[in-house]
1. Out of the residues in region 458-471 that are under 27 Å from Asp387 (Cβ atoms) and hydroxyl-bearing (Ser, Thr, Tyr), state the one that is surrounded by the fewest Cβ atoms within 10 Å (Cβ to Cβ).
2. Among all residue pairs at least 6 apart or on different chains, which show Cβ distances below 6 Å where the first residue, located in region 459-482, is over 10 Å from Phe426 (Cα atoms) and the second is open to solvent by 40 Å² or more (accessible area, probe 1.4 Å) and in a loop (DSSP other than H, G, I, E, B)?
3. Would you call Gln439 closer than 30 Å to Val228 by Cβ and at pLDDT below 90?
4. Any idea how many residues of region 263-298 are among the aliphatic types (A, V, I, L, M) and assigned to a loop (DSSP other than H, G, I, E, B)?
5. Using the structure shown, decide if Lys292 is closer than 30 Å to Phe89 by Cα and basic (Lys, Arg).
6. Looking only at residues in region 423-457 that are over 24 Å from the mean Cα position of the chain (by Cα) and surrounded by 15 or more Cβ atoms within 10 Å (Cβ to Cβ), which one is farthest from Leu397 (Cα to Cα)?
7. For region 78-101, check the following and say yes or no: at least one residue is buried (at least 20 other Cβ atoms within 10 Å of the Cβ) and acidic (Asp, Glu).
8. Write out, first by first residue and then by second, each pair whose Cβ atoms fall under 7 Å of each other, whose residues are 6+ apart or on separate chains, and whose first residue, in region 282-301, is under 30 Å from Ser321 (Cβ atoms) while the second is open to solvent by 60 Å² or more (accessible area, probe 1.4 Å) and acidic (Asp, Glu).
Amino acid sequence: MSDEQKKLLETQLWAIANILRGKISANQFQDYILGFIFYKYLSEKLEKKANEFLKTDGIRFSEIEENSTDGKEILEALKEATVDALGYFLKPSELFSNIAKKGNAKVINQDDEEQIQSTFILEDLANVLNSIEKSTMGSESQDDFDNLFYDIDLNSTKIGRTTKDRNDVIVKILTALDEIDFDLDNTEGDVLGDAYEYLIAKFAEGAGQKAGEFYTPQQVSSILAKIVTTRKSKLKSVYDPTCGSGSLLLRVAREVEEVGHFYGQEQNRTTYNLARMNMILHDVNYHKFDIKNEDTLEKPQHLDFKFDAIVANPPFSAKWSANPIFTNDERFSQYGRLAPGTKADFAFIQHMVHQLDDSGIMACIAPHGVLFRGAAEGHIRKYLIEDCNYIDAIIGLPSNLFYGTSIPTCILVLKKCKETPENILFIDASNDFEKVKNQNVLREFDIDKIIETYQNRTIIDKYSNVATLEEVKANDYNLNIPRYVNTFEEAESIDINAIADKLQAVDNKMAAVENTIASFCAELNIKTPF
C-alpha cells in the first residue's frame, strides 16, 4: 500500500468519527470508533483464517449453514482451531459485514408506513460482542479478551436520546466502516495498525488533559525505543509498567527484528482495553503479550519477571499511598526511604529498576524535578548513583511536547551493567524543536541528533557533556542538566562610544530641522511649535 493509500485509509477512518463528534467528547467517542474498527478487524481476520482451514474441503466460511447438522459440526471444529490460532471465534452470521448489512436493510415503520427506518441491530450487536468474549472462555486467550468491549455502551443516551436514534447512529458507523477495505492480505508493513495508531493520536489531540492517560507522542516514543534497542536486533522481552494504549511497546518492536514477549500494566480500564486491541490490531498474537489491569505501584502483576528492556511514560508527579508497609517491599526496601506520597516519580523508577534484568536497559520519561528535588527523593537519587551506579544518561527534552501538560521533561536511561561506569552522559535537547499549533514537536533530525549523541557519548558544545561521578558527587548528586551542560550564550558586547556618537548625530539632525522650521515660521510671521 502506497503512502497515498495509507493516508486515504486514515482520512476515511477519521471521517467516520464525524458521525459522533459534537455529540460526545473525544475521549468518549473513541471508545465506539476504535471498538468497532477492532470488531471489523477481528471479523475479517477470522473469516480469512477460517477460509484457509476450509480450503481443502472446497467450502467458504460465509456459505456454512449454521443450523444444519453438518454446519454445526464444521463450526465446532473451526471454533477449536481458530481459538487456538487467533484466540477467539465468530459464527458467519456474526461477521461484521453481515451485521452492517442487516442494519442497513431498511424496513417500513409499522406506525407510519411512509417512514423507512434502519433494521434494529443494537441487541444483535451486543450479543455478538459478548459472543466474541465468551468464545475465549476456558482457553489461554480468556484473559486477553475478558471485558474487551466493556466501554462500548450501546444504551448510552449520549449517542442518541431514543433507542431508534442510537440504532441509527450505530448503523451509520458500521455502514461507513463496512465500505472501507482493510486490505488484510497486504503484508507490506502494518497499515491498519498504523491507521489505528493515527486515530489514537488524533483522539489524544482532542482529549486535552486526559490524553496523557493513554498516549505518548510518537516522537518521544521513538527516542525511548531507539535507546533501549541500541546495538540490538532481538529482545527477549519488553515491559511498560504504565503502558497506556501500548504504543510505546509497539514502537520498540519496530526497532528490532523480533520481540519475544510484550508485558504491560495499566490502571485505567478503558486504556487497558485500548492497549489489548492495539496489540491484536498490530498482529501481535495473544500468546506473545501479557497486559494486566491494576495499579502498578500498589498491585504489581509481573514481579516474578525480569525484562531485557523497559520503557515508560509514568504519570507525572502522581500521588500514591507511600504506605509504610512498602518499606518492606523488595522494590523499595534497599533505598531506606520511600518516594513522597505527593510525588510517585521515584516510586515508578524504583519499580522499574527492580524489574530490570542485570543486562537490561530502561528509558523512562520524568519531570525535571526528579533531577534536583531533595528530601526522600534526593536520598533515593544519591543511592541510585553512589551505591548502585545505574544512571547512564540524562536527556533534557523541550517543554510542551505532551498533550495536557506543558512542563519540561527529561529521559532517564538506567542500566545495571553500564559500559561506561565512570561517568554519566548529559544531553540538553530542550532548544531543538518546531512549534506546530499549540504543541512543540521534535523533528526527525532532532531525534537523530539525540540518538547519535547518546549512542556515541559525544560531547557537543552547549548540547552534551560527560560528567564523572566525582563531579556529580561534588554537586551533591544534583543532576540538573545546566550544572553539566553550559548553554549560556554571551551577550554581544556593546560599544558605548559608538552609540553616543549615533545619539549625538541624531541630536544634530534634530537641531538642524528645528532651525529650518523656525526660519520658515519667521518668514510666515507665525509662532514656532517649540
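The values are calculated or read from the model by the stated rules, or taken from the named source; none is laboratory data. Everything quoted here is computed from the prediction, not taken from an experiment. So basically every Cβ, Gly included, is an ideal-geometry build from the backbone, and we count neighbours across all protein chains shown. Please note that ligands, DNA and RNA were not included when accessible areas were found on the heavy atoms of the full protein model with its side chains. Shrake-Rupley method; radii C 1.70, N 1.55, O 1.52, S 1.80 Å.
1. This residue is Thr468.
2. Lys462/Thr487; Asn478/Phe372
3. Yes.
4. 2
5. yes
6. Step by step, filter region 423-457, then rank; the result is Asn423.
7. Checked against the condition, which is being buried (at least 20 other Cβ atoms within 10 Å of the Cβ) and acidic (Asp, Glu), region 78-101 yields at least one hit.
8. Qualifying pairs under 7 Å: Gln301/Glu294.
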